[in-house]
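Right, one structure below, let's go through it.
The values are calculated or read from the model by the stated rules, or taken from the named source; none is laboratory data. Quick caveat, the model's predicted, so the values are computed rather than measured. Counting neighbours? That spans all protein chains shown, and the Cβs are built from the backbone with ideal geometry, glycine included. Side chains included, ligands, DNA and RNA excluded: accessible areas come from the protein's heavy atoms. Shrake-Rupley method; radii C 1.70, N 1.55, O 1.52, S 1.80 Å.
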Amino acid sequence: MSSYDVIVIGSGAGGGTLVRHLAPSGKRILLLERGDWLPREPQNWLARDVFVDNRYVSADTWYDDKGTAFQPQVHYCVGGATKLYGAALYRLRKEDFGELRHHDGISPAWPIEYDELEPYYTRAEELYHVHGARGEDPTEPPASAPYPFPAVSHEPRIQQLSDDLAAAGHQPFHAPCGVMLDEANMPYSACVRCSTCDGFPCLVHAKSDAEVLGVRPALEHPNVTLLTNAQAVRLETNDAGTAVTGVVVARGGTHETYTADLVVVSCGAANSAKLLLASANDAHPHGLANGSDQVGRNYMFHNCVAVLALSKEPNPTVFQKTLGLNDFYFGTDDVDYPLGNIQMVGKSSAEMYRGEKPIQTRLAPEWTLEKVATHAVDFWLSTEDLPLPENRVTLRDDGNIALAYRATNDVPKKRLLHELKVLLKDLGMQHDHLLPRHAYLKNDIPVAGCAHQAGTCRFGTDPAQSVLNTDCRAHEVDNLYVVDTSFFPSIGAVNPALTAMANSIRVGDHLLERIGAPQARPEHAHVG
Ligand SMILES: Cc1cc2nc3c(=O)[nH]c(=O)nc-3n(C[C@H](O)[C@H](O)[C@H](O)COP(=O)(O)OP(=O)(O)OC[C@H]3O[C@@H](n4cnc5c(N)ncnc54)[C@H](O)[C@@H]3O)c2cc1C
Ligand code: SF4
């Protein structure tokens with residue numbers, strides 16, 4: 001049995017960022033990751049391997065509420081889901097921290113205000129090399145610093161799209177991107193600006209993911225230890241149930257127990273709930289820290305749709321994810337409820353369309369898949385999903401995850417799609433074609449597309465209604481914290497990772513104070 005000051009379980013956006021923040025303290029830190037290092041190999045950038053054969057999707061089996069098995073879109077590796085993410089690093093809107101009335105109900109307020117998280121957003125943007133331009137997006141929340149890096153430039157077809165949107169009276173903006181790109185000095189730029197970014201691992205380690213900018217720099221500190229292929233399976237507590245006394249880890253075919261003064265869970269929203277539920281004991285009969293019966297509930301994952309429009313002119317864009325549009329975020333002149341965010345996704349290719357029936361059947365035979373790919377302009381529309389107590393993770397008798405989920409806000413989701421459709425004629429696109437992309441979302445079975453999962457251990461001030469307090473410490477267990485997207489009480493309609501990263505730094509400051517370590521000074525980001 002080994003003892004540490006802090007054990008962090010899970011090395012993704014939450015855990016990887018936290019370990020990076022704690023590392024300079026000199027305290028003994030153990031990072032447990034159930035997956036391995038994601039291999040660096042040519043397949044990292046091959047669409048067929050990544051999108052069609054799901055090479056990096058973990059072979060896990062979850063079950064829906066009818067007991068049907070499915071393979072969730074989860075990634076068990078150092079860096080977690082950020083290894084595959086699109087690195088669109090948005091702040092939530094200031095209004096997302098308050099109560100917002102939606103079509104299907106209320107999006108609840110957070111127990112902290114935007115202003116409390118703002119300095120940590122700024123630090124997270126520095127750590128994760130976010131490129132952007134303040135002042136273009138009318139919904140953008142106030143920021144205490146400019147983006148640390150200039151906006152990624154639009155390629156000509158996307159610049160045209162931006163100009164056309166502006167001419168139609170809209171306010172497109174340069175999307176915030178986490179890539180280590182230096183357009184002013186490309187021979188020295190780590191990022192080569194390729195077409196295989198969003199949904200792919202970065203072969204040259206130039207994406208701002210939690211492995212490259214969280215875990216690797218943390219491991220340069222001798223006080224930090226990483227164990228890969230180490231799955232936390234249970235947390236043990238003292239008899240009173242007030243403190244975690246051991247982390248039981250399945251590794252190399254046996255079980256080992258590690259101890260620490262503080263234990264931080266960051267396994268991703270579904271798996272963090274699973275770990276707490278699997279840690280039920282006499283003091284916590286319904287799952288660790290679950291006296292409120294809130295662990296696993298309020299699961300959210302954004303009501304998203306990926307669509308492909310067909311440009312009248314070819315679209316030779318390589319790196320497409322440079323534009324966003326939030327003009328419908330809070331509604332329209334005619335709609336008094338929020339609709340959501342529109343952004344670009346990675347440029348699609350013919351290879352990715354294999355097996356996508358809508359594309360193959362609705363456009364054939366005039367449109368070959370190659371012709372579709374040449375003209376495709378790919379959009380991602382994201383509508384806020386509301387927290388419902390019945391949308392929840394539970395544990396089956398066999399120990400696997402059961403996920404009960406029904407989407408919320410379908411009306412605003414459809415309305416947002418309608419708004420985009422109406423715009424097409426002004427944007428040089430075929431006005432009659434806006435095709436859904438199933439493979440991108442991996443959502444043939446909707447619950448499987450859990451890339452943006454959040455909300456299973458929400459934080460709050462009322463222990464009867466929340467799992468964590470405002471420091472993300474379990475109300476019922478003094479040395480237990482959760483820092484992945486589980487803590488979100490609502491998810492907004494922009495991508496969640498930057499918020500998890502910023503919050504990890506915020507919680508990290510609290511932990512440093514608690515373990516009597518000096519506050520970490522911001523280090524210069526390290527490119528591994
Ligand atoms: C294809 C794709 C594209 C995306 N694009 C974007 C985007 O552009 N912008 C954005 O903001 N977000 C994006 N996301 C979502 C973003 O990646 C997640 O919101 C974010 O990574 C969540 O962070 P997390 O710490 O909660 O979980 P993760 O990053 O998933 O980390 C959880 C970690 O815990 C490990 N783990 C799980 N269980 C255990 C256990 N029992 N013991 C030990 N380790 C365990 C996992 O292996 C994993 O490494 C995308 C996701 C995907 C899949
Ligand atoms: S665009 Fe840049 S960061 Fe993204 S995969 Fe390509 S090289 Fe890596």
*Could you work out how far helix 13-22 tilts from the main Cα principal axis of the chain, as a 0 to 90 degree angle to the nearest 10?*
50 degrees
*Would you please calculate the Kirkwood hydrodynamic radius of the range 167-315 over all C-alpha pairs and express it in Å, rounded to one decimal?*
20.1 Å
_Please report the projected area of the range 115-174's Cα convex hull averaged over all directions, in nm²._
4.4 nm²
*asked:* If you average the C-alpha positions of the range 285-353 and of the range 2-22 separately, how far apart do those two centres end up, in angstrom?
replied: 28 Å
_Spatially proximal aspartates and glutamates relative to LYS27 (Cα-Cα < 18 Å; intrachain offsets below 8 disregarded)_ = ASP5, GLU220, ASP261, ASP509, GLU513, GLU523
*Hey, what did the range 96-152 get for relative contact order, percent, Cα under 8 Å, at least 6 apart?*
28 percent
*Run through all the Cα pairs of the range 28-67 and give the fraction in each 10 Å bin from 0, expressed as whole percent.*
21, 35, 28, 16, 1
*Label points 7 Å out from Cα along the Cβ direction at LYS425 and SER58: separation in nm?*
4.8 nm
_Linear extension gain, GLU183 paired with ARG354, 0.36 nm per residue minus alpha-carbon span_ = 58.2 nm
_Stokes-Einstein diffusion coefficient of the range 1-64, Kirkwood radius over Cα pairs, 10 °C, 1.306 mPa s, in µm²/s_ = 109 µm²/s
*What percent do you get for the relative contact order of the range 216-354 when only Cα pairs under 8 Å and 6+ apart count?*
12 percent
*By how many degrees, 0 to 90 and rounded to 10, does the Cα axis of helix 114-127 deviate from the longest principal axis of the chain?*
80 degrees
_q = 0.14, 0.20, 0.21, 0.22 Å⁻¹: log10 I(q)/I(0) that the Debye formula gives for the range 263-328, counting C-alpha atoms only_ = -0.64, -0.88, -0.93, -0.99
*Which listed residue (LEU227, ALA210, TYR188) has the Cα farthest towards the positive end of the charge dipole for the range 187-277, taking +1 on Lys and Arg C-beta and -1 on Asp and Glu C-beta about the Cα centre?*
TYR188
*Dipole magnitude of the chain about its Cα centre, charges +1 at Lys/Arg Cβ and -1 at Asp/Glu Cβ only, in debye to the nearest 20?*
1000 debye
*Once phi is turned into ³J(HN,Hα) by the Karplus curve 6.51 cos²θ - 1.76 cosθ + 1.60 with θ = phi - 60°, what whole-Hz value does each residue of the range 232-246 show in order, with x for glycine and proline?*
5, 10, 6, 10, 9, 10, 5, 4, 6, x, 8, 8, 6, 10, x
_Translational diffusion coefficient of the range 84-211 at 10 °C, 1.306 mPa s, Stokes-Einstein with Kirkwood Rh over Cα pairs, in µm²/s as a whole number._
97 µm²/s
*Using a 1.4 Å probe, how large is the accessible area of CYS267, given in Å² and rounded to the nearest 10?*
40 Å²
*Could you tell me which of the pairs LYS321/LYS414; LYS83/LYS312; LYS207/LYS274; LYS83/LYS413 are separated by over 32 angstrom between their Cα atoms in the structure shown?*
LYS83/LYS312
*Using per-residue counts of other Cβ atoms within 10 Å, averaged over each peptide, order 233-241, 303-311, 495-503, 116-124 from highest down.*
495-503, 303-311, 116-124, 233-241
*Got the relative contact order for the range 48-98 handy, in percent, Cα pairs under 8 Å and 6 or more residues apart?*
23 percent
*Among CYS197, VAL345, THR332, flag the residue with its Cα farthest along the positive direction of the charge dipole of the chain, charges on Cβ as +1 for Lys/Arg and -1 for Asp/Glu.*
CYS197
*Which values, in whole Å and largest first, are the semi-axes of the equivalent ellipsoid of the range 19-110 obtained as the square root of 5 times each eigenvalue of the Cα gyration tensor?*
29, 25, 16
*Please report, to one decimal in angstroms, the Kirkwood hydrodynamic radius of the chain built from all distinct Cα-Cα pairs.*
23.2 Å
*asked:* Using each residue's phi in the range 367-372, evaluate 6.51 cos²θ - 1.76 cosθ + 1.60 at θ = phi - 60° and report the 3J(HN,Hα) Karplus result to the nearest Hz, with x for Gly and Pro.
replied: 9, 5, 4, 5, 5, 4
*When the Karplus curve 6.51 cos²θ - 1.76 cosθ + 1.60 is applied with θ = phi - 60°, which whole-Hz ³J(HN,Hα) does each residue of the range 307-318 get, with x for Gly and Pro?*
9, 10, 9, 10, 6, 5, 8, x, 10, x, 4, 9
*Over what distance in Å are the Cα centres of the range 184-224 and the range 487-520 separated?*
21 Å
*Roll a 1.4 angstrom probe over the protein heavy atoms and tell me the percent of accessible area of the chain that is carbon or sulfur.*
50 percent
*Hey, what number do you get for the chain at 222 nm if only DSSP H runs of n ≥ 4 count, each worth -39500 (n - 2.57), divided across all residues, to the nearest 500?*
-5500 deg cm²/dmol
*For helix 269-278, what angle does its Cα long axis make with the longest principal axis of the chain, in degrees from 0 to 90 and rounded to 10?*
30 degrees
